[in-house]
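Engineer: The structure follows.
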Amino acid sequence: MTVEIELKSRVASRPEHPNSWVFYDGEVVRYHDAHIGIATHALHYGTACFEGIRAYWNETQEQLFLLHCPAHYDRLRNSGKILRMELPYSTAELLDITLDLLRRNDYRTDAYVRPLLYKSVEQIGVQLHGLADGFLIYTAAMGNYVEIEAGIRCMVSSWRRISDSALPARAKASGGYVNSALAKSEALEAGFDEAIVLTADGHVSEGSAENLFLYKDGVWVTPPVTDDILEGITRRLVINMIRDELGVPVVERSIDRTELYTCEELLLCGTGAQISPVIEVDHRRVGNGEVGEFSQEIQALYFDAVRGETSKYRDWTIPVY
Ligand code: PMP
């Protein structure tokens, strides 16, 4: 069991190269030259917000495609607003910095970009206002974050999702990821692949780091943004793709736990998770227990689009080289 858990957690991204270029404190420096003091506010109190952005390597075109980068920086700006932090650059400037980092680091594989806006002051005391902010971006090579082909097995977590009135999920706050980590570890240690968390009032919210969609009776359903989800960028793309490409309606409404047991198809999606079909929840098979046809179709459409293969979705991506 221990070995299996270690293997699963190892697929996550890590800065594999201490020599890689990062953006720190307004400058481009080597990863090993960027240091954060041990008293940093964000480290102790979770007072930070971040983004996860992917870039996809297209082997045939020998091109790296950066996915929806401006939308991520726009969301980071809003997260900062909630947490009383200001992003010190325009979205256009952030895009330029990101492209520069990816080029310097010369990725010829799928890559991940992690911007972090954080309370950089080194002092004790819990508050948000009037404290200095820091900003950094690092990048790493990244493959699949969760299994995407065979389908995954999920459990409904015993941990409830943090509510907007306690720690807003839409702020993508670092401290909020303790909630995700509690749920994810519980799921992995119980032998599942991923956790699905419910809102405090018992409705389906999302995965530990993914939004959720289910299909039943000719309609795809996803929880509304008011059910304590992160307003996912992939979620928005998937909603449009299901409507435009599959011609199937998508409804945003609250979902009961037991709908997870009776739906025909179920999938999790996110920048990291991509499109990850779910084949089992709480020991109940989803549909016939195999990856559903719609889910396969959505996955195929998504991967063509993110690798810059679909002219209609070219505006999703920005070529890096
Ligand atoms: N929910 C949570 C809690 C997440 O961490 C993520 C990943 N950022 C998502 C949903 C999916 O969001 P996105 O599609 O913007 O990556």
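The values are calculated or read from the model by the stated rules, or taken from the named source; none is laboratory data. Model, not experiment: these values are computed from the prediction. Every residue, glycine as well, gets a Cβ built from its backbone with ideal geometry; the counts of neighbours run over all protein chains shown.
Engineer: Name every residue in the stretch 67-95 that is within 14 Å of the ligand (Cβ to nearest atom) and closer than 25 Å to Asp110 by Cβ, in order of residue number.
Structural biologist: Matches in the stretch 67-95: Leu67, His68, Cys69, Pro70, Ala71, His72, Tyr73, Asp74, Arg75, Leu76, Ser79.
Engineer: A follow-up question, please. Which of the residues spanning the stretch 176-198 are over 23 Å from Ala150 (Cβ atoms) and away from the ligand (no atom under 13 Å from the Cβ)?
Structural biologist: Matches in the stretch 176-198: Leu198 only.
Engineer: Still on this structure, I have one more. What about Ala111, is it under 18 Å from the mean Cα position of the chain (by Cα), assigned by TED's automatic domain parsing to the domain that holds Leu87, within 16 Å of the ligand (Cβ to nearest atom) and at pLDDT 95 or above?
Structural biologist: The answer is yes for Ala111.
Engineer: Please name all residue pairs, on different chains or six or more residues apart, with Cβ atoms under 8 Å, provided the first residue is in the stretch 165-177 and is without any contact (Cβ under 8 Å) to a residue 24 or more places away in the chain and the second residue is aliphatic (A, V, I, L, M) and not in a loop (DSSP other than H, G, I, E, B).
Structural biologist: These pairs meet every condition: Leu167/Ala173.
Engineer: Give me the pairs, please: first residue somewhere in the stretch 54-65 and over 12 Å from Ala111 (Cβ atoms), second residue anywhere and modelled with pLDDT under 95, beta-carbon distance under 7 Å, and either six or more positions apart or on two chains.
Structural biologist: Close Cβ pairs (under 7 Å, with a partner that is modelled with pLDDT under 95) amount to Asn58/Arg307; Asn58/Gly308; Gln61/Gly308; Gln63/Gly308.
Engineer: Within the stretch 269-295, track down each residue that is part of a helix (DSSP H, G or I) and over 20 Å from the mean Cα position of the chain (by Cα).
Structural biologist: Glu293, Phe294
Engineer: Just for strands (runs of 3 or more DSSP E) wholly inside the stretch 24-93: which have at least 1 residues that are within 22 Å of the chain's Cα centre (by Cα)?
Structural biologist: 48-50, 53-58, 63-67
Engineer: Would you check if there is a residue in the stretch 214-221 being touching a residue at least 12 places away in the same chain (Cβ under 8 Å) and within 14 Å of the ligand (Cβ to nearest atom)?
Structural biologist: No - not one qualifying residue is present in the stretch 214-221.
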